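Comments concern the structure below.
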Amino acid sequence: MPDYTLKIRRFDPESGRPAYWQEFGVDLPEERSVLDAILRAKDEQDGSLSIRCSCQAAICGSCGVRINGMSRLACNTKLSEAAEDGRNGAIVVEPMGNMPVIKDLIVDMDAVHWKKVQRVVPWLLPEGDPPAREYIVDPESMIDVTQSMACIHCGACVSACLSLEVDPEFIGPAALAKAYRFVGDPRDAHTEDRLLDLAEDPHGIYDCTHCFACVEVCPKDVAPMDQIMRLRRRATADYGIKDQNNGYGHEKAFTDLIEKYGTLSEAQLLPKSYGDGSLIRAQVKPAALKELGAKFPTVIRGLTSGKVSPKTALLHHKLQDQDQIRRIYEEVESKEDRLELNLYIVGESGGEEEGATSEGGQEE
Amino acid sequence: MPSHDVLVIGAGLAGQRAALAAAEDGASVGILSKVHPVRSHSNAAQGGINAALNPEDSWESHAYDTVKGSDYLGDQDAIEIMCKEAPNEILTLEHLGVTFHRNEEGRLGTRAFGGASAARTYYVADITGQAILHVLYEQLMRHDEVYRYEEFFTTTLVLDDDGHVAGCVARQMRDGTMELFAAKTVILAAGGNGQIYNPTTNALICTGDGIAMAYRIGGPLMDMEMIQYHPTTLAGNGLLITEGARGEGAHLYNAQGERFMENYAPNKLELASRDVVSRAEQTEINEGRGFPDGTVALDITKVPRKRIHEALREIVNVGRDFAGVDITREPIHIKPGNHYTMGGVKTDKDGRTEIPGLYAAGEVACVSVHGGNRLGANSLLDTLVFGRRSGKHAAHHARNHQMPEPPHSHVDDEEAKLRELIGRERNGRRVSEIRTELGRTMDEHVAVFRDEGGLLEAAQTVQRLKEEAKSVAIDDKGNVFNQDLFGAIELGFMLDNAECAIVGALERKESRGAQFRTDYPERNDDEWLKHIDLTLDGDRPNVSYSEVTITQWEPEERKY
Amino acid sequence: MKLAYWPGCVSRGFTPELHGAMAAVAPKLGLELVELDRANCCGAGVIAEHNQELVDALNARTFALAQKVDGAAGMMNICSTCQGAQSECQERLDADAAYRTHINEHLEPEGLEYEKGGAWWNKNFLWLLVEEIGLDVLRERVVRPLDGLRVGPFYGCYIVRPTRRLGFDFYPDRDRYLEQVIEACGAEPVAYAGSHKCCGFPVITLNRETSLRQAGRHMADALDAGADCVVTPCPLCHLNLDLQQPEAQPFVERDLGMPVLHLPQLVGLALGLDVKALGLHRHVVKTDAVQDKVAALAAAA
């Protein structure tokens, strides 16, 4: 039986000592989990070693930790894989990040995660009295929001979030995914209010830096960042919500520029962004002027360093065949409903596998 | 001292449903749980929840299936209530936001499940329990009139001088403070006792705390020998593969490639009730037709890939992460494994126990709607229907009752006990050793097939372990999250549960539902169509009997 | 090796030195670059926030143009963000035949069609260096080993996450390539906390503080780890780390002065190219210290 070394970050709040590292040797078969190893060490060597855990099947969400720096569940991380990634043969286990440590591997989820969940008004708000029977809704819409329902609140994404690392006020990936669960639910009657709220909050949907850390670590394929991007799509494309964070303006300016030129003109992106996509409005909105002022040194610096020529800054060439880009825009944007392919619904190899096309699984 | 009209212990589906129902009725409610509510084991219910909601279906049909599934040990009045109230319960959940699967018309869609004569299982992919649990928790977050005590470990229930429940003592896990709770009524919703087995599909928290605490203050337990082995669990670690897999069309094969259920249940095949399928598998394995690792094969590859993706996503992950098998491409090895306790704290149709003011709902309780064998997808229903009924009844009861004022000595006594435990010198066995031996013993002797010799051996072992448990010592001397301490307390609860299960199994000299005695292989309605009640007497359970309620379905031979 | 080459928007806009450096490096590595001058912006994650079908059609168009380049081994980009944004679209296009057909309908009037993957690929220069050219070949061609130059890698989120989308199943070391390339160039890779984190660029216009805190912190970490410079395969990261570095300094309350090189610049230095040809003088944060070290190496040789 292989011998594994766990290097565990320990902290006893009652000892007055700072956190420290302790190593434990554990004999277990390679297919067993890191949680099994921690529990083995706890059972046989030191009962004071503390970790929340319960189901051992990646469904209760208790055992979120960082293993070799990656936020994940201890129960569905195989020892053999963890040892391979470990440094100097040891499997390094630490408490999750972005949350205060209470003891050993136990962090304060209430102070961060649950507070943020509470922030997004996490319950369904239908209009009026419920129907006599069930609400009738599109079957795919239920699968669609089930992706966010699949969240087990383990905190791995919160722990890994690179925005939270610099802005603790950020609502964060788990809570925003939870928000999408209601925004995407056709039974909810407050879609626009919810979107407005999350778009206007300086720490809301536009505070996500699009780093994919949450997508990478989520053990349940919730893909929180994808849900945040959907919130943005709903806010801008469906509801035209013009937020104070410039989310709408930035997206509109960017999208319009590509429609016009085919490639991006950074020099025009900035001023247009602050005018909700319009260069003119950017000149007359006081807030926009202030923001632009803050950016001005950057542009000047770009010019003086020889990085950007005045010509590049002021003129941008249209692509050859730009009419084709415009045609595609026209075709897509003239549709009443946006088309989205959710790989959570069709599968990563959804329509490519035999028997898995839309007839395959839709019958009742 | 925190005081509430209704104090709920346990925050899984039964507890949360009870709390919401009591609050709706205007009671002041507190809900205590040793884990954060969304960590509760209700999460693990994958397949769905039964209800005769389709116009073509009827509650009578659902009730009959349940009665037959219970091997006629279920109380038919309670079963009728559960099945009648099921459709409304589903609709309530739907209105609260559960993302139930829809059919093409956008209406609630169903899947087939074991032991059922119609497809009446409503579901959310294969995370039904999780989805409902989280939606109920959303409601708890919304209604701040329900006070939540998250990560509070209850050590004992408290009675007043008249024997009416008066509250409980609990330890706040985060800082170790002991708290006395006063309550006009207490609803136990602390779940089952699967951890007395090893392996088990149950979470580490399922240590039978509620069952033991009720038993220790004199509450009778019922049918504790009725312990379900689920037909499809992973060989190594006991993890669950949902019955939904068979509901979607998966087959079982022995090592010779035979679809052996044809020999045991020619009509329902893989969808016979769980006790039947588990026994069939165990017979195949015992008679040498299993695989060398003591398993048979579950073949899910028959199910269309897109359907697997949509409806069985979680077990794809379980197969991949915990068995290294891509279940969409190859069969997976499974065997029967400990899963559910049909028995528990004896209650009536409103969740009332025999102790005034004390209620129980969910797996901790025995109403009994499951009798000798629970049908798949009836457990969630049980938690919700009887959780709600307990909550409502408790709220009413509280209205006509004064707030008790239990003396502080209760806390002092508990604190002294725990201090002694923490301060104890190490000279005995470790908690983990005793727990492991208990689990192995139960899985060896109190499993799918039982006989007197094995049960007596198990009884002896458990007696010895009880003695050894008195001198266990722990390493952790601190106040903050002293899990070592909680482990020792849980061990005591588990040993009481195990003792009662064995006593019940020895007592029942027949084969019914999950209890199959190789030395008494027939069902014996003349002598044993009755519940076995266990009440603490000294430090041993005293056996008595109570009648099974029969309303419209007389016992008959059970065929699938 | 002949390649369909997508330089992206930024390398031809605000970081022209990248475009120049790549053009200078390519022949040294035997790369024949056929620039996709009719192709369009990848959307940089922003158009995807607006409309998924739109961004998928736009990138399918780029892929289709690349697939039409005769004799090309594949498509190369020089921007982590292009790589990530394009891979995301490609994942959807490859996943579902019906969807792909639908998207291709947008390209039909132009006579274009994206054909599903197979042997066709789209790789960032970093991946191409390691997987198609090979570190051994690179080492052979190094004429000026960058001895003693301490380089901090900075990947850019889009090229390292999510691993499942980005082919890590086949190439598990893709998050260690920069270190390997730095070593192959004779320099010393410097480990620091920020190497795989976010530069903050995507929110520079949405939440300036979050954005600049990130940029500042990573450069400070690299400085503390003793790096002479950092190197990145992403021009958008470059914008936030180099162009915005003076703005980021107040957020970490210190002077940084951390030069940020584009990947082709670092490779170009090792291949013996002139610092001017590589555009090292066109940075906001002065690269003098790097240039001096290189000059000293040249003098010693």
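The values are calculated or read from the model by the stated rules, or taken from the named source; none is laboratory data. Model, not experiment: these values are computed from the prediction. Because the Cβ atoms are built from the backbone with ideal geometry, glycine has one as well, and the counts that use them run over all protein chains shown.
Among the residues of region C:178-212, what is the count of those that are at the interface with chain A (Cβ under 7 Å from one of its Cβ atoms), out of contact with any Asp or Glu (no Cβ under 7 Å at 6 or more places or on another chain) and closer than 19 Å to A:Gly97 by Cβ?
Of the residues in region C:178-212, 3 are at the interface with chain A (Cβ under 7 Å from one of its Cβ atoms), out of contact with any Asp or Glu (no Cβ under 7 Å at 6 or more places or on another chain) and closer than 19 Å to A:Gly97 by Cβ.
Yes/no per residue for (1) small (Gly, Ala, Ser); (2) in the same structural domain as A:Ile51 (by TED's automatic domain parsing); (3) surrounded by fewer than 19 Cβ atoms within 10 Å (Cβ to Cβ):
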residue: A:Trp114; (1), (2), (3): no, no, no
residue: A:Gln118; (1), (2), (3): no, no, yes
residue: A:Glu127; (1), (2), (3): no, no, yes
residue: A:Ile152; (1), (2), (3): no, no, no
residue: A:Ala156; (1), (2), (3): yes, no, no
residue: A:Ser159; (1), (2), (3): yes, no, no
residue: A:Phe170; (1), (2), (3): no, no, no
residue: A:Pro173; (1), (2), (3): no, no, no
residue: A:Leu176; (1), (2), (3): no, no, no
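What number of residues within region B:136-155 satisfy the criterion of being out of contact with any His (no Cβ under 9 Å at 6 or more places or on another chain) and at the interface with chain A (Cβ under 8 Å from one of its Cβ atoms)?
Result for region B:136-155: 4.
Could you please let me know if C:Pro264 is touching a residue at least 40 places away in the same chain (Cβ under 8 Å), more than 10 Å from chain A (Cβ to nearest Cβ) and not hydrophobic (A, V, I, L, M, F, W, C)?
Judged against the criteria, C:Pro264 is a match.
Among the residues that make up region B:456-479, is at least one of them in a strand (DSSP E or B) and touching an Asp or Glu at 6+ places or on another chain (Cβ under 8 Å)? Working first, answer last.
If we filter region B:456-479 for residues that are in a strand (DSSP E or B), which is where we start, we get none.
No.
Within region A:242-265, is there a residue that is hydroxyl-bearing (Ser, Thr, Tyr), in contact with a Leu (Cβ under 7 Å, 6 or more places away or on another chain), surrounded by fewer than 20 Cβ atoms within 10 Å (Cβ to Cβ) and not in a loop (DSSP other than H, G, I, E, B)?
Step one: of region A:242-265, the residues hydroxyl-bearing (Ser, Thr, Tyr) are A:248, A:255, A:261, A:263, A:265.
Right, trim to in contact with a Leu (Cβ under 7 Å, 6 or more places away or on another chain) and you get A:261, A:263, A:265.
Those still in the list that are surrounded by fewer than 20 Cβ atoms within 10 Å (Cβ to Cβ) too: A:261.
Then keep just the ones that are not in a loop (DSSP other than H, G, I, E, B); that gives A:261.
Yes, the conditions are met somewhere in region A:242-265.
Just for region C:109-118: of the residues that are outside any helix (DSSP H, G or I) and without any contact (Cβ under 8 Å) to a residue 24 or more places away in the chain, which one is nearest to A:Arg326 (Cα to Cα)?
We begin by selecting, within region C:109-118, every residue outside any helix (DSSP H, G or I); these are C:111-118.
When the remaining residues are screened for being without any contact (Cβ under 8 Å) to a residue 24 or more places away in the chain, the result is C:111, C:116, C:118.
Working: C:Gly111: 16, C:Lys116: 25, C:Gly118: 30 Å.
Per the criteria, the residue is C:Gly111.
Between residues in region B:408-435 that are within 14 Å of chain A (Cβ to nearest Cβ) and residues that are among the hydrophobic types (A, V, I, L, M, F, W, C) and surrounded by fewer than 18 Cβ atoms within 10 Å (Cβ to Cβ), which pairs lie under 9 Å by C-beta distance while being six or more apart or on different chains?
Qualifying pairs under 9 Å: none.
Kindly provide the set of residues from region B:54-70 that are at pLDDT 95 or above and more than 21 Å from B:Ala361 (Cα to Cα), ordered by number.
B:Asp57, B:Ser58, B:Trp59, B:Glu60, B:Ser61, B:Tyr64, B:Asp65, B:Lys68
Restricting attention to region B:235-269, and to residues there that are touching an Asp or Glu at 6+ places or on another chain (Cβ under 8 Å) and of a type in the set (Phe, Trp, Tyr), which single residue is farthest from the other protein chains (Cβ to nearest Cβ)?
It comes out as B:Phe260.
Can you pull out every residue in region B:101-160 that is closer than 30 Å to B:Ala272 by Cβ and part of a strand (DSSP E or B)?
Residues satisfying the conditions are B:Arg102, B:Leu108, B:Thr110, B:Arg111, B:Thr121, B:Tyr122.
Assigned to a loop (DSSP other than H, G, I, E, B), modelled with pLDDT of 95 or more and touching a Cys at 6+ places or on another chain (Cβ under 9 Å), is that true of A:Thr209?
When the stated conditions are applied, A:Thr209 passes them.
What are the pairs with Cβ atoms under 7 angstrom where one residue, in region C:77-88, is closer than 8 Å to C:Cys42 by Cα and the other, located anywhere, is among the aromatic types (Phe, Trp, Tyr)? Sequence gap at least six, or different chains.
From region C:77-88, the pairs are C:Cys82/C:Trp6; C:Ala85/C:Tyr158.
Of everything in region A:216-228, what is out of contact with any Cys (no Cβ under 8 Å at 6 or more places or on another chain) and part of a helix (DSSP H, G or I)? Give them in sequence order.
Selection gives A:Glu216, A:Asp226, A:Gln227.
In region A:73-91, is there at least one residue being buried (at least 23 other Cβ atoms within 10 Å of the Cβ), outside any loop (DSSP other than H, G, I, E, B), at pLDDT 95 or above and within 11 Å of another protein chain (Cβ to nearest Cβ)?
Yes, region A:73-91 has at least one match.
I'd like to verify a number: residues in region A:225-283 that are in contact with a Pro (Cβ under 8 Å, 6 or more places away or on another chain) and facing chain C (nearest Cβ under 8 Å), how many?
Count: 1.
Go through (1) within 18 Å of B:Asn50 (Cα to Cα); (2) modelled with pLDDT of 95 or more and name the single condition B:Ser409 misses.
Against the list (1) within 18 Å of B:Asn50 (Cα to Cα); (2) modelled with pLDDT of 95 or more, B:Ser409 comes up short only on (1).
Which condition does A:Ser48 not pass, out of (1) among the hydroxyl-bearing types (Ser, Thr, Tyr); (2) more than 25 Å from C:Gly194 (Cβ to Cβ); (3) surrounded by 24 or more Cβ atoms within 10 Å (Cβ to Cβ), if it passes all the others?
(3)
Name every residue in region B:77-104 that is under 15 Å from B:Leu133 (Cα atoms), touching a helix residue (DSSP H, G or I) at 6+ places or on another chain (Cβ under 7 Å) and among the charged types (D, E, K, R), in order of residue number.
B:Glu89
Which number in (1) aliphatic (A, V, I, L, M); (2) within 30 Å of C:Val137 (Cα to Cα); (3) part of a helix (DSSP H, G or I) marks the one condition that C:Val231 misses?
Failed condition: (3).
Would you point out which residue out of C:Leu178, C:Leu112 is of a type in the set (A, V, I, L, M, F, W, C) and under 30 Å from A:Leu162 (Cβ atoms)?
Testing whether each residue is of a type in the set (A, V, I, L, M, F, W, C) and under 30 Å from A:Leu162 (Cβ atoms) leaves just C:Leu178.
Checking the conditions here, which among B:Gly210, B:Gly191 is crowded, with 24+ Cβ neighbours inside 10 Å and at positive phi?
B:Gly191
Residue-by-condition table, conditions (1) under 25 Å from A:Asp321 (Cα atoms); (2) surrounded by fewer than 17 Cβ atoms within 10 Å (Cβ to Cβ); (3) within 11 Å of chain A (Cβ to nearest Cβ):
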site	(1), (2), (3)
C:Ala72	yes, no, no
C:Asp96	no, no, yes
C:Thr101	yes, yes, yes
C:Leu107	yes, no, yes
C:Gly134	no, yes, no
C:Arg150	no, no, no
C:Pro153	no, no, no
